[in-house]
Amino acid sequence: MAENRYLLNTQLAQMLKGGVIMDVVDVEQAQIAQEAGAVSVMALERVPADIRKQGGVARMSDPGLIKAIKEAVTIPVMAKARIGHFVEAQILQALKIDYIDESEVLTPADEECHIDKTRFEIPFVCGARNLGEALRRIAEGAAMIRTKGEAGTGNVVEAVRHMRAMNREIRQLVSIPAEEIMGFAKANGLPYQLALEVRTLGRLPVVNFAAGGIATPADAALMMQLGCDGVFVGSGIFKSSDPVRRARAIVKATAYFNDPEKLLEVSMDLGEPMPGLDVANMPGEERLAGRGW
Amino acid sequence: MSATAGSSPVGVLDLQGGVQEHLDHLRRLGVPGRPVKRAAELEGLAGLIVPGGESTCLSRLLTIFDLREPIEQAYRGGLKLWGTCAGAILLARENLGETPYFGLIDIAVSRNAFGSQLESFNRAALVPAVAREPVPLTFIRAPKILRVGSGVRVLLQLDDYIAAAEDERILVTVFHPELTPSLAFHRYFARKCGLNPTGTDDAGLDPDWTPLSWTRFSSHA
């Protein structure tokens, strides 16, 4: 990928800042999401909550479904490829969607290698639990990062954990003396050049959204106040009792994340949120965030 | 609205999109910038930038949070407007196949007219009204301006479409000057607002600008 193409791809992510990217499984949901003010939609066959419930191997969605969604909306369309499945990514690039999510929500196709994203023209977003994971994905060519959180749980605790870890590691990297950088990079698995860049910027060098467990407007605003540039909402909208209202409310809360009066106003009368899952008692093999490295 | 030269800020609509990028460019010109999230923040502005982002999303947020009417009112009171990309779509009188939003400048636009992200691109062009040297232009899922009305001046025509235009009080660009090192369009808009930005009429390339300069305005870490 030309340097210029990579820059354009990071810049598309900049245009999404402050927005909400919503998981949708059909044309109708995509239109609801767009009407509610989603900045982009993630087209997939099953939302994470259902993937979790139904089990089995979760793969890239049928391109026919993604194509139908792409034709039904004007906002950018994203879709998921399995970790390491570069042929699914090739197919999604041929489909000319706007962004690929190399996602731990799907069953990994490769337990050693993520996709070499520098070989693609299309932009990628990847999940991360900490600074090292984020920078490794960027070094592989990701143009945007999201926290992994724990998708399909409606429980924001893991997204918070991942965002706090990233922030803490960035603060450490900024404050340590120069001679400690290499040791810090080694201990935390940071590609060295990118570590230097983060130290200068005081943040990730690409747009960073929150994902994994966001179910309420307050969750979205919490992640924004923790320093994210925007949010992904997966199961949280269409698994709630009133998706239209909830989608709108989360969009509003993301734009006005720093305004408690507005947050109060948008949090009222939304109906039931999606049922939540307790992550603390979840067996390790059921945790999606542990996929990838 | 009285725009006192050199003192009134230029607002950047801060609902979603490339807000920090515009604030960074304004800062480089010595022009005070102000993020605008609420109607009260329109008070005392010399101009307002409606940034790129997603036009559908921005239009919903403008309506939901009752900003449409206050912006129209401020415009009638003399506020200058500049729409980049999505912002140009929102300001256009005609939006092919869709309902126009503000409809304040007599142009027709076609949204996302180049295709998906794979069709986003950079190029350079001479825009004589804005700079005497070619300026870099960044098009991201850009619209095209297909037609302008009689009161609207074309600033840049490329291939089969118009990329920049203006009338007396509104500037529209389908590309993103805030994503390039060039301050020329921001300087041009600041002057349109009656302000005194630094710089002459060159391409306004700021050697200190990098693609990550926006991050100094981000709320991160």
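Any read-out appearing in this document is the output of simple, stated calculations on the displayed coordinates, not a laboratory observation. The model shown is predicted, which means the values in this text are computed figures rather than measured ones. A quick note on method: Cβ atoms are made from the backbone with ideal geometry, for glycine too, and the neighbour counts reach across all protein chains shown.
P(r) for the protein assembly as shown, from all Cα pairs and a bin width of 10 Å, is 4, 20, 31, 27, 14, 4, 0 %, short bins first. The charge dipole of the protein assembly as shown, taken about its Cα centre with unit charges on the Cβ atoms of Lys, Arg (+1), Asp and Glu (-1) only, comes to about 540 debye.
Order the peptides A:133-139, A:265-271 from the highest to the lowest mean number of other Cβ atoms within 10 Å of their residues. Intermediate values should be presented prior to the final figure.
Working: A:133-139: 23.6, A:265-271: 14.4.
Ranked by mean Cβ neighbours within 10 Å, highest first: A:133-139, A:265-271.
When you restrict to C-alpha pairs under 8 Å that are six or more residues apart and normalise by the size of chain A, the relative contact order lands at 20 percent. A protection proxy built from the mean count of other Cβ atoms within 10 Å ranks the segments B:85-91, A:223-229, B:149-155, most packed first, as B:85-91, A:223-229, B:149-155.
Reducing region A:239-293 and region B:1-66 to their Cα centroids gives an inter-centroid distance of 29 Å. For the peptide A:196-206, the mean number of other protein chain Cβ atoms found within 10 angstrom of a residue's Cβ is 3. The gain in end-to-end length when the residue B:210 to residue B:125 segment is fully stretched comes to 28.6 nm, 0.36 nm per residue minus the alpha carbon separation. Averaged over peptide A:14-24, the number of partner chain Cβ atoms lying within 10 Å of each residue's Cβ comes to 6. Using the empirical formula 2.2 N^0.38 Å as the baseline, the Cα radius of gyration of region B:1-104 reaches a ratio of 1.01. Only Cα pairs under 8 Å and 6+ residues apart enter the sum, and on that basis the relative contact order of chain B stands at 21 percent. Only the Cβ atoms of Lys and Arg (+1) and of Asp and Glu (-1) were treated as charged; on that basis the dipole of region B:84-221 about its Cα centre amounts to roughly 160 debye. Taking the Cα centre of region A:148-293 as the origin and placing charges on Cβ (Lys, Arg +1; Asp, Glu -1), which of A:187, A:241, A:227 is farthest toward the positive end of the dipole? Working it through, the farthest residue towards the positive pole turns out to be A:187.
What shape does region A:91-141 have by the C-alpha gyration tensor, where a ≥ b ≥ c are the square roots of the eigenvalues, rounded means a/c under 1.5, and otherwise prolate means a/b greater than b/c and oblate the rest?
Working: a/c = 1.80, a/b = 1.43, b/c = 1.25.
The shape class here is prolate.
How much length is gained on full extension from residue A:200 to residue A:94, taking 0.36 nm per residue of separation minus their Cα-Cα distance?
Extending this stretch completely gives an extra 34.5 nm.
Distance between the C-alpha centres of region A:1-43 and region B:170-201: 28 Å, rounded to the whole angstrom. Note on A:3-11: average number of Cβ atoms from other chains within 10 Å of each residue's Cβ is 5. May I ask for log10 I(q)/I(0) of region A:1-140 at q = 0.22 Å⁻¹, from a Debye sum over the Cα atoms as equal point scatterers with solvent left out? Debye curve over Cα of region A:1-140, log10 I(q)/I(0) at q = 0.22 Å⁻¹: -1.54.
Quick check: pseudo-label points 7 Å beyond the Cα along Cα→Cβ at residue A:110 and residue A:286, how many nm apart are they? Label at residue A:110, label at residue A:286, 3.1 nm between them. In this simple spin-label model, placing a label point 7 Å from the Cα along the Cα-to-Cβ direction at both residue B:38 and residue B:147 gives a separation of 4.2 nm.
Going down the list A:70/B:144; A:67/A:262; A:80/A:239, which pairs span over 28 Å between their C-alpha atoms? It would help to have the intermediate numbers written out before the result.
Working: A:70/B:144 20 Å; A:67/A:262 36 Å; A:80/A:239 19 Å.
In this structure, A:67/A:262 exceed 28 Å between Cα atoms.
Rounded to the nearest 5, what % of DSSP beta bridges with both residues in the protein assembly as shown are antiparallel? Just about 30 percent of them are antiparallel.
Please say if chain B is rounded, prolate or oblate, where rounded means a/c under 1.5 for a ≥ b ≥ c the square roots of the C-alpha gyration tensor eigenvalues, and otherwise the choice is prolate for a/b larger than b/c and oblate otherwise? Note, shape of chain B comes out rounded.
Summarising the amide proton neighbourhood of residue B:12: residues at separation of 5 or more, or on other chains, whose placed amide H is nearer than 5 Å comprise B:34, B:36, B:49.
In region A:268-287, whose amide N lies under 20 Å from the spot 7 Å out along Cα-to-Cβ of residue A:157? List them in ranges. Once the point is set 7 Å along Cα→Cβ of residue A:157, A:273-287 turn out to lie under 20 Å by backbone N, inside region A:268-287.
May I ask you to order A:178-187, B:186-195, B:172-181 by the average number of other C-beta atoms within 10 Å around their residues, highest value first?
On the way: A:178-187: 12.5, B:186-195: 22.9, B:172-181: 27.6.
Order by mean packing, descending: B:172-181, B:186-195, A:178-187.
Note on residue B:76 and residue A:242: their simple-model spin labels are 3.4 nm apart, each label 7 Å out from Cα toward Cβ.
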